[in-house]
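Engineer: One structure, as structure tokens, below. Some questions next.
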Amino acid sequence: LGGTTCRSCSPGSFAGPDGCAPCAAGSYTSGAGGTACDACVVGSYSTGSGQSSSGACLACTPGTFGTAAGSRDAASCVHCAIGTFATGAGGSSCEACSPGLYGLTNGATSMASACSPCGAGRFSTGAGSTTCAAC
């Protein structure tokens, strides 16, 4: 009441109805005076509140992928299913094993660890197959 100056909220916080509030886990603000927080991008997460840069958002590890922006913990990173793999960190999807190959394990980080060729007299027609059929 009767103030003559306004104070900006510091990085890591935003101006809410009751004054400055810290950004929730899964978000950040890098500049002072923000009115909203930015969400960590899909494929990353942050666990702490009051983060002041996108660098606080940690990438999902290879073999996993993120499904939503603003994720708050590593549990939001989902293991690639059998027949798929993710070679890099911070992905939003997994790549499928090519036709002629079948999946070996979930959470794979490379085509070599995820996919194996169908044996003689067997085939797989679709990408991401988990089995091979007899000819």
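The values are calculated or read from the model by the stated rules, or taken from the named source; none is laboratory data. Just so you know, these numbers come straight off a predicted model, no measurement behind them. Methodologically, a virtual Cβ is constructed for each residue, glycine included, from the backbone with ideal geometry; neighbour enumeration extends over all protein chains shown. Remember, those area values only see protein heavy atoms, side chains included, never the ligands or the DNA or RNA. Shrake-Rupley method; radii C 1.70, N 1.55, O 1.52, S 1.80 Å.
Engineer: Hey, could you check the range 52-64 for residues that are open to solvent by 40 Å² or more (accessible area, probe 1.4 Å) and either of a type in the set (S, T, N, Q) or in contact with a strand residue (DSSP E or B) (Cβ under 8 Å, 6 or more places away or on another chain) (or both) and say which is nearest to residue 96 (Cα to Cα)?
Structural biologist: Here the residue is 61.
Engineer: Being assigned to a loop (DSSP other than H, G, I, E, B) and at pLDDT 95 or above is the filter; apply it to the range 30-46 and report the residue that is surrounded by the most Cβ atoms within 10 Å (Cβ to Cβ).
Structural biologist: So the residue we want is 40.
Engineer: Also: Does residue 39 satisfy being under 30 Å from residue 123 (Cβ atoms) and under 23 Å from the mean Cα position of the chain (by Cα)?
Structural biologist: no
Engineer: Here's another thing I want to ask about it. I'd like to know if the range 108-123 contains one or more residues that are open to solvent by 80 Å² or more (accessible area, probe 1.4 Å), within 24 Å of residue 42 (Cβ to Cβ), modelled with pLDDT of 95 or more and of a type in the set (Ser, Thr, Tyr).
Structural biologist: No, the range 108-123 contains no residue that is open to solvent by 80 Å² or more (accessible area, probe 1.4 Å), within 24 Å of residue 42 (Cβ to Cβ), modelled with pLDDT of 95 or more and of a type in the set (Ser, Thr, Tyr).
Engineer: Take the residues of the range 89-107 that are part of a strand (DSSP E or B) and more than 21 Å from the chain's Cα centre (by Cα): which is surrounded by the fewest Cβ atoms within 10 Å (Cβ to Cβ)? Give the steps one after another, and end with the answer.
Structural biologist: Of the residues in the range 89-107, the ones part of a strand (DSSP E or B) are 95-96, 101-103.
Then drop every residue that is not more than 21 Å from the chain's Cα centre (by Cα), which leaves 101-103.
Values: 101: 20, 102: 24, 103: 22.
Looking at residues that are part of a strand (DSSP E or B) and more than 21 Å from the chain's Cα centre (by Cα), I get 101.
Engineer: Kindly indicate which of 49, 27 is open to solvent by less than 70 Å² (accessible area, probe 1.4 Å) and not β-branched (Val, Ile, Thr).
Structural biologist: Going through 49, 27 in turn, just one is open to solvent by less than 70 Å² (accessible area, probe 1.4 Å) and not β-branched (Val, Ile, Thr): 27.
Engineer: Name the residues in the range 110-124 that are within 14 Å of residue 82 (Cβ to Cβ) and not in a strand (DSSP E or B), would you? If you could, list the steps in order and put the result at the bottom.
Structural biologist: The initial filter retains those residues of the range 110-124 that are within 14 Å of residue 82 (Cβ to Cβ), namely 111, 113-116, 124.
Matches in the range 110-124: 111, 113, 114, 124.
Engineer: Identify, from the list 35, 47, 105, the residue that is over 23 Å from residue 12 (Cα atoms) and polar (S, T, N, Q). Write out each step before concluding.
Structural biologist: Working: 35 fails: over 23 Å from residue 12 (Cα atoms); 47 fails: over 23 Å from residue 12 (Cα atoms).
After applying the criteria, what remains is 105.
Engineer: Among the candidates 81, 127, 75, which residue alone is open to solvent by 40 Å² or more (accessible area, probe 1.4 Å) and outside any loop (DSSP other than H, G, I, E, B)?
Structural biologist: That would be 75, the only listed residue that is open to solvent by 40 Å² or more (accessible area, probe 1.4 Å) and outside any loop (DSSP other than H, G, I, E, B).
Engineer: Let me ask another. Go through 56, 39, 68 for me and flag whichever is free of Cβ contacts under 8 Å to residues at least 40 places away in the same chain, aliphatic (A, V, I, L, M) and within 30 Å of residue 112 (Cα to Cα).
Structural biologist: Going through 56, 39, 68 in turn, just one is free of Cβ contacts under 8 Å to residues at least 40 places away in the same chain, aliphatic (A, V, I, L, M) and within 30 Å of residue 112 (Cα to Cα): 68.
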